[in-house]
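What follows is one structure encoded as structure tokens, with my remarks underneath.
The values are calculated or read from the model by the stated rules, or taken from the named source; none is laboratory data. In this text the structure is predicted, and so the values were computed from the model without any measurement. Positions of Cβ are backbone-derived with ideal geometry, glycine not excepted, and every protein chain shown enters the neighbour counts.
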Number of protein chains: 2
Amino acid sequence: MLKVQASIAALEYKPNRVAQRLRSTTKKTKLLGLVIPDIQNPFFVDVVRGVEDYAYQNNFAVMIGNFGQDEKKEKLYLDILQSENIDGLIVAPIHGKDKGIENLVKKNIPVVCIDRGLTEIDVDVVKVDNEQGAFNAIDHLLSIGHKKIAFISGNFRIPTYIERLAGYKRALSEYGVPFDENLVFARDTDYKSGFEIANKILELEDRPTAIFSGNNLLTLGALEAIHSKHIRIPEEISIIGFDDMPWSISLNPPLSAVRQPGFDMGRKAAEMLYERILNPHSKKEKVILKTELMLRKSTAPLE
Amino acid sequence: MLKVQASIAALEYKPNRVAQRLRSTTKKTKLLGLVIPDIQNPFFVDVVRGVEDYAYQNNFAVMIGNFGQDEKKEKLYLDILQSENIDGLIVAPIHGKDKGIENLVKKNIPVVCIDRGLTEIDVDVVKVDNEQGAFNAIDHLLSIGHKKIAFISGNFRIPTYIERLAGYKRALSEYGVPFDENLVFARDTDYKSGFEIANKILELEDRPTAIFSGNNLLTLGALEAIHSKHIRIPEEISIIGFDDMPWSISLNPPLSAVRQPGFDMGRKAAEMLYERILNPHSKKEKVILKTELMLRKSTAPLE
DNA sequence: ATTTGTAATGTAAACGTTTACATTTATCAA
DNA sequence: TTGATAAATGTAAACGTTTACATTACAAAT
């Protein structure tokens, strides 16, 4: 063994990553940034796991920022990560024209967008076919006789929800059911919003026979609202949600849902980021993953 | 306005955090480490949110590592964070004699332990009264007539589960029910373990009338096992879990649980870490938070 | 105008690496 | 043993800050 290497081992020398990162030009700093909208949403937790899985295998550390749908907070994390000289960044943009992310891309910092893309600039993206996913859910509901279907959505500044709304509309029009804008409710993407919106829906004069909820947390919130009013699912109302969870089967009743492959999305994003770091000028890539309709017990035919 | 400051503003100068951290001795690097066992567990997600909440308010960034109960991975994150010159670290030790964390404490790096303490060394800790929490759950079960209560636990190297077992035993002995070691099952702390252990329990000759599951994920896994065998809760078997979730009420049936204040725990830990950074030699603090018994519909008297 | 004090700016070294060469040491064939 | 080549080690500058002083500028007070 070499003398130097022997000493390295003997003294248990661990390089200081800060100094490495300060000096290094040829990216070997092994630090990735990951900026997500809501760590409470199990879908994003899956994404995180996917990213970490790939990162760990390739000796990267991951620095996570959770901005909780707060634009200022997102900006802060973007700034911090940039001034941390990260090798690259995986981020779910708060909206399609996110200037902060655009700037990073322009500065040639490797960026991969997840869950949502950017409209103003060409960038790597991994997402899901939201339009088709929503279409499948609504198509299912329509096929079993529902016509009055409420949509509990997140904010329409988030591209994801625009796409899901498009799927909702397309299904409706295929069945010749007119679109009623009073049936779509958009607010935040959290549990509380789901709860409050569902409460409002359930008190409507001519109550919808089915609910399509735009994400995990909205679904769970809506479920609480329905249960607290002792309305029976699916006898009195059907519900199907975007995002599946391992324990969807243990909900009351077992929940029908549009499954997104969160783990795969995270893993793929990390992989693409790695490629992008190695190869900064190759063509930007768009990956659209498929959703899967999980039919369980929360949707039933309208008699 | 000063000339220098004017230029700072004009050029939108952002200090390079890496250089700052490399040079700075009087800790103003504003970076915290957070190392958690399992980001899939909603309890730890709450902890993360609590930490981030405090950090954000005090302009700290948080670097999260999720080690998934893998000791090697925990070690890696500890090493990485240390060589990142972080100001301080919040960590849930993988077991009570965690050498990696002991070393950090000895090197005078500010450390706060969450959820679990360290036996060999004096360190700041925020945890919950696990013994009492488990006692309350078992006491409730015993008070409504159950005697044969299975305990789905995590690995007994994790201090938390040792304490929960102690509470289980104490309740039993207060009711004069002999402890039967064949009723405690310890494996990993994930969904799959809960599912598999519950399956085993349900096939037992003289099947327990109640299950106490050691955490969130174990509970959810057990629930799936029970449902897939079409065993009715609580008519045929009662179940109560450690850890509550916002949507526990929407489970089938609404789940009785021992609630831990995860958000508060995270926030308190961040606060204590901040104090520790400012004041490295003050007396180490132990904070024991209270649990709360949430009685819903998954436990019923034994007729 | 001169002094005095304070605020603002300037200067050089240091943090622990990487980078790019220069130099030394080891290895092998002739 | 010598020379050629490769491997190992040595050296100095640079990364962008902070730290600790030194210097300069600008008031207000004499």
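Answer yes or no: is there a residue in the stretch B:72-80 that is within 13 Å of chain A (Cβ to nearest Cβ), touching a residue at least 40 places away in the same chain (Cβ under 8 Å) and more than 29 Å from B:Val258 (Cα to Cα). Yes, some residue in the stretch B:72-80 is within 13 Å of chain A (Cβ to nearest Cβ), touching a residue at least 40 places away in the same chain (Cβ under 8 Å) and more than 29 Å from B:Val258 (Cα to Cα). In the stretch A:29-48, the count of residues that are more than 10 Å from chain B (Cβ to nearest Cβ), out of contact with any helix residue (DSSP H, G or I) (no Cβ under 8 Å at 6 or more places or on another chain), under 30 Å from B:Asn41 (Cβ atoms) and away from DNA strand C (no atom under 16 Å from the Cβ) is zero. Looking across the stretch A:6-34, the residues that are of a type in the set (A, V, I, L, M, F, W, C) and within 15 Å of A:Ala61 (Cβ to Cβ) come down to A:Val18, A:Leu31, A:Leu32, A:Leu34. In the stretch B:50-88, how many are within 21 Å of A:Tyr13 (Cβ to Cβ) and outside any helix (DSSP H, G or I)? Final tally of qualifying residues: 3. If we scan the stretch B:264-278, do we find a residue that is closer than 23 Å to B:Asn41 by Cβ, among the aliphatic types (A, V, I, L, M) and touching a Ser or Thr at 6+ places or on another chain (Cβ under 7 Å)? Taking every residue of the stretch B:264-278 in turn, none turns out to be closer than 23 Å to B:Asn41 by Cβ, among the aliphatic types (A, V, I, L, M) and touching a Ser or Thr at 6+ places or on another chain (Cβ under 7 Å).
Annotation note: of B:Asn16, B:Asn41, the sole residue that is out of contact with any Phe, Trp or Tyr (no Cβ under 8 Å at 6 or more places or on another chain) and either within 16 Å of DNA strand D (Cβ to nearest atom) or under 18 Å from A:Leu78 (Cα atoms) (or both) is B:Asn16.
The single residue among A:Leu295, A:Leu278, A:Leu273 that is surrounded by 21 or more Cβ atoms within 10 Å (Cβ to Cβ) and more than 15 Å from the chain's Cα centre (by Cα) turns out to be A:Leu273. Counting only strands (runs of 3 or more DSSP E) that sit wholly inside the stretch B:111-190, those with at least 1 residues that are without any contact (Cβ under 8 Å) to a residue 40 or more places away in the chain and out of contact with any strand residue (DSSP E or B) (no Cβ under 7 Å at 6 or more places or on another chain) are B:184-187. Across the stretch A:61-71, which residue is surrounded by the most Cβ atoms within 10 Å (Cβ to Cβ) among those that are within 10 Å of chain B (Cβ to nearest Cβ) and farther than 22 Å from B:Gln20 by Cα? Here the answer is A:Asn66. Check the stretch A:22-38 and report whether any residue there is within 16 Å of DNA strand D (Cβ to nearest atom), under 16 Å from B:Asp79 (Cα atoms) and either basic (Lys, Arg) or not assigned by TED's automatic domain parsing to the domain that holds A:Ile109 (or both). There is no residue in the stretch A:22-38 that is within 16 Å of DNA strand D (Cβ to nearest atom), under 16 Å from B:Asp79 (Cα atoms) and either basic (Lys, Arg) or not assigned by TED's automatic domain parsing to the domain that holds A:Ile109 (or both). Looking only at residues of the stretch B:240-251 that are under 19 Å from A:His230 (Cα atoms) and either buried (at least 20 other Cβ atoms within 10 Å of the Cβ) or within 19 Å of the chain's Cα centre (by Cα) (or both), we find that the one that is farthest from the other protein chains (Cβ to nearest Cβ) is B:Ser248.
For the subset of the stretch B:11-28 comprising residues that are surrounded by fewer than 20 Cβ atoms within 10 Å (Cβ to Cβ) and at the interface with chain A (Cβ under 8 Å from one of its Cβ atoms), which member is farthest from DNA strand C (Cβ to nearest atom)? Within the stretch B:11-28, the match that is farthest from DNA strand C (Cβ to nearest atom) is B:Lys14.
Within the stretch A:81-102, being under 20 Å from B:Tyr77 (Cα atoms) and at the interface with another protein chain (Cβ under 9 Å from one of its Cβ atoms) holds for A:Leu81, A:Glu84, A:Asn85. Looking only at residues that are more than 22 Å from B:Val258 (Cβ to Cβ) and buried (at least 24 other Cβ atoms within 10 Å of the Cβ) in the stretch B:30-50, which one is farthest from the chain's Cα centre (by Cα)? Only one residue tops the list, namely B:Leu32. Kindly check whether there is at least one residue in the stretch B:211-218 that is within 12 Å of chain A (Cβ to nearest Cβ) and closer than 17 Å to A:Pro254 by Cβ. No, the stretch B:211-218 contains no residue that is within 12 Å of chain A (Cβ to nearest Cβ) and closer than 17 Å to A:Pro254 by Cβ. Can you confirm whether B:Tyr77 is hydroxyl-bearing (Ser, Thr, Tyr) and within 13 Å of DNA strand D (Cβ to nearest atom)? It is false that B:Tyr77 is hydroxyl-bearing (Ser, Thr, Tyr) and within 13 Å of DNA strand D (Cβ to nearest atom).
The single condition among (1) on the phi < 0 side of the Ramachandran plot; (2) away from DNA strand C (no atom under 16 Å from the Cβ) that A:Ala61 does not meet is (2). The residue that is farthest from the other protein chains (Cβ to nearest Cβ), among those in the stretch B:222-239 that are in contact with a Ser or Thr (Cβ under 7 Å, 6 or more places away or on another chain), under 20 Å from B:Asn182 (Cβ atoms) and not in a loop (DSSP other than H, G, I, E, B), is B:Ser238. When each of A:Thr209, A:Thr219, A:Thr189 is tested for being within 30 Å of A:Ile86 (Cα to Cα) and among the β-branched types (Val, Ile, Thr), the lone residue that passes is A:Thr189.
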